[in-house]
Amino acid sequence: MKERFLPIGTIVMLKNGTKEVMITSYLVFSKEAASKNEKVEMFEYGGCAYPEGILDTNTSLAFNHNQIDKIIYMGYENDRYKEISKALNSEFEKVKEQIESGNI
């Protein structure tokens, strides 16, 4: 099984990006769509500009693994990260299907 989720703290450059992004969270949902009663979209990662960080809620972003062009710095990995990564990888497709079908 392909590892999909990079460790929190990993710094990446997104395709067509001009600013480095630090991964801050997993499985982020589109708040804007939910507030408009539109179909909710799930993203694999939440992040912020690096090195500035999250200055306010409008400076965070959501993106998927396939939007990553380059890994600049790999975040910290320990046994707990490996457990979370394994769980995320094994359940991601099921959760994504449920969200896309409107069951969540």
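The values are calculated or read from the model by the stated rules, or taken from the named source; none is laboratory data. Here the structure is a predicted model, which means the values were calculated and not measured. Here the Cβ positions follow ideal geometry from the backbone for every residue, glycine too, while neighbour counts run over all protein chains shown.
Some observations on this one:
- Test: Asp56 is farther than 14 Å from Pro7 by Cβ, out of contact with any Asp or Glu (no Cβ under 8 Å at 6 or more places or on another chain) and surrounded by fewer than 16 Cβ atoms within 10 Å (Cβ to Cβ): yes
- Counting only residues that are part of a loop (DSSP other than H, G, I, E, B) and free of Cβ contacts under 8 Å to residues at least 60 places away in the same chain, segment 71-89 holds 1 of them.
- Residue match in segment 86-102 (condition: basic (Lys, Arg) and within 19 Å of Val40 (Cα to Cα)): yes
- For segment 83-104, the candidate set comprises residues that are surrounded by 11 or more Cβ atoms within 10 Å (Cβ to Cβ) and among the charged types (D, E, K, R); within that set, the residue that is nearest to the chain's Cα centre (by Cα) is Lys96.
- If the condition is being more than 10 Å from Val12 (Cα to Cα) and outside any helix (DSSP H, G or I), then segment 57-70 contributes Ser60, Leu61, Ala62, Phe63, Asn64.
- Residues of segment 38-53 classified as of a type outside the set (Gly, Ala, Ser) and either farther than 22 Å from Leu6 by Cα or touching an Asp or Glu at 6+ places or on another chain (Cβ under 9 Å) (or both), total: 7
- Qualifying residue in segment 22-34 (condition: surrounded by 11 or more Cβ atoms within 10 Å (Cβ to Cβ), under 12 Å from the mean Cα position of the chain (by Cα), in a loop (DSSP other than H, G, I, E, B) and modelled with pLDDT under 95): yes
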